[in-house]
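One structure below.
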Amino acid sequence: MTASPEALEMAGIAARAADDKLATDVVVLDVSGQLIITDCFVLASADTERQVNAVVDEIEDKLREAGHKPLRREGTREGRWALLDYNEVVVHVQHVDERDYYSLDRLWKDCPVVEIEGVETSGRPESATSGADDSLAPEEPQRDQGL
């Protein structure tokens, strides 16, 4: 399964808006093969709470101009992890500390990254792909070789 064209268009608008406000590690993931409730995640980081909110405002403005309103908006008051739910696209704008701690990139590492034209940082952050601490990951079950 793959993300719908509308979801990809919305994710592109959100990613470019985040990039315009100098968000870092902007990544679009096609989660349609793993989730039935949404097609894409847009992940972006910001260095301060104020910048998190500026990125969120820019994303909302650009998507509103394109005719889309969020169904739900959470976390904007604290400015640490804001979530915008557009049904087909869920946008996560996180403070860099939350991005590192919760590591959504690692959690969804099996989902394909969608390249967005005009967004240079559309790859996964280094911490999500190499040298990540898997000590908290569940161990693979051991199979009895005698069976």
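Quick note: the coordinates plus some simple rules give every number you see, no bench work behind them. As the structure is a computational prediction, the values presented were derived from the model and not from experiment. Cβ placement follows ideal geometry from the backbone for every residue including glycine, while neighbour counts extend to all protein chains displayed.
Ranked by the mean number of other Cβ atoms within 10 Å per residue, highest first, peptides 112-118, 15-21 order as 15-21, 112-118. Rounded to whole Å, the principal axis extents of the Cα atoms in region 3-112 read 32, 32, 22, largest first.
Using the crude model of +1 on Lys and Arg Cβ and -1 on Asp and Glu Cβ, and no other charge, please compute the dipole size for region 3-112 relative to its Cα centre, in debye to 20.
Approximately 180 debye in magnitude.
Any idea how far apart residue 65 and residue 110 come out in nm if each label point goes 7 Å out from Cα toward Cβ? Going by the 7 Å Cα→Cβ label model, 3.8 nm. According to a simple spin-label model (label point 7 Å from Cα along Cα-to-Cβ), what is the distance in nm between residue 120 and residue 20? The modelled label-to-label distance comes out at 1.8 nm. Among the GluC sites (Glu not before Pro) found in region 1-90, those both in a DSSP coil and sparsely packed, with 15 or fewer other Cβ atoms within 10 Å of their Cβ, are 78.
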